[in-house]
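The values are calculated or read from the model by the stated rules, or taken from the named source; none is laboratory data. Keep in mind that what you see is a predicted model, and the values were worked out from it rather than measured. Every residue, glycine among them, receives a Cβ derived from its backbone with ideal geometry; neighbour counts consider all protein chains shown.
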Amino acid sequence: MDRKHTVFLTIIAVATLLVAVVGATFAYFTTSVTGNASASVVEVKTASLGIVYTSGQDLILGNDSSGVVPGATASTTFTVKNNGEVPMTYNVKWAAISNSFDAAHLDELVYTLTNDAGLSKTNVTMPTAAGAIENTITIPAGATHSYTLVVTFRETGSEQNYNQNKSFSGKIEVEANAVSA
């Protein structure tokens with residue numbers, strides 16, 4: 001075989017290989033719609049929550065050497081907005097809890113959580129460990145829920161020296177769940 005035929009066959013072989021690779025790549029990345037012969041558009045909707053802690057995530061009572069006195073409160077406000085195009089659910093929870101209040105009188109440290117969508121948890125005993133406040137709250141697409149959380153060291157009307165120099169600190173968190181159809 002002479003040199004011209006060898007060059008020609010090499011070019012044909014490279015071109016054939018190139019066509020095969022392009023065809024295989026195109027076939028691999030081509031999508032198809034099944035189940036509806038007339039479907040031409042596939043719509044994908046996204047889900048995303050926007051969370052704004054207006055007054056911060058941390059609530060602290062009694063952080064100085066004098067501790068906390070009965071009647072003291074700490075509060076925060078926050079909003080949860082569904083920036084997506086589909087309804088979602090989310091959880092509100094306590095994180096990073098530090099509670100040194102007397103174990104026999106934990107009911108004197110309570111929280112109240114309310115939102116503009118009708119949620120109302122009033123005078124709930126403060127936990128000693130991180131955990132859920134409210135789970136699976138549904139929020140429609142484009143909606144915003146506004147919250148107020150208040151922690152209170154309740155005044156009982158009698159001596160409360162057992163909680164002298166005690167303190168509480170906790171962090172509030174919001175976590176998104178799967179999209180609700």
Self-check item: Of all residues making up region 123-169, the number that are touching a residue at least 60 places away in the same chain (Cβ under 8 Å), within 18 Å of THR73 (Cβ to Cβ), outside any loop (DSSP other than H, G, I, E, B) and not small (Gly, Ala, Ser)
Solution: 9
Quiz item: If THR114 passes every condition in (1) farther than 17 Å from ILE60 by Cα; (2) crowded, with 16+ Cβ neighbours inside 10 Å; (3) in contact with a Ser or Thr (Cβ under 7 Å, 6 or more places away or on another chain) but one, which one does it miss?
Solution: (2)
Quiz item: Is it the case that some residue within region 109-117 is on the phi > 0 side of the Ramachandran plot and part of a strand (DSSP E or B)?
Solution: no
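HIS105 - would you say it is in contact (Cβ under 8 Å) with a residue 12 or more places away in the chain and assigned to a strand (DSSP E or B)? First the steps, then the outcome.
Values: in contact (Cβ under 8 Å) with a residue 12 or more places away in the chain: yes; assigned to a strand (DSSP E or B): no.
Criteria not met by HIS105.
Can you find even one residue in region 78-99 that is among the hydrophobic types (A, V, I, L, M, F, W, C) and at positive phi?
yes
Do you know which residues across region 117-131 are surrounded by fewer than 14 Cβ atoms within 10 Å (Cβ to Cβ) and either at pLDDT 95 or above or more than 26 Å from PRO87 (Cα to Cα) (or both)? Steps first, please.
First, the residues of region 117-131 that are surrounded by fewer than 14 Cβ atoms within 10 Å (Cβ to Cβ): 118, 120, 122-125, 129-131.
Matches in region 117-131: THR122, ASN123, VAL124, THR125, ALA129, ALA130.
Would you check which residues across region 87-100 are among the hydrophobic types (A, V, I, L, M, F, W, C) and at pLDDT below 90 and list them? Talk me through it step by step, then tell me what you get.
So in region 87-100, the residues among the hydrophobic types (A, V, I, L, M, F, W, C) come out as 88, 92, 94-97.
Matches in region 87-100: ALA96 only.
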Quiz item: Which one is surrounded by the fewest Cβ atoms within 10 Å (Cβ to Cβ), of the residues in region 77-99 that are of a type in the set (Ser, Thr, Tyr) and farther than 30 Å from GLY62 by Cα?
Solution: THR89
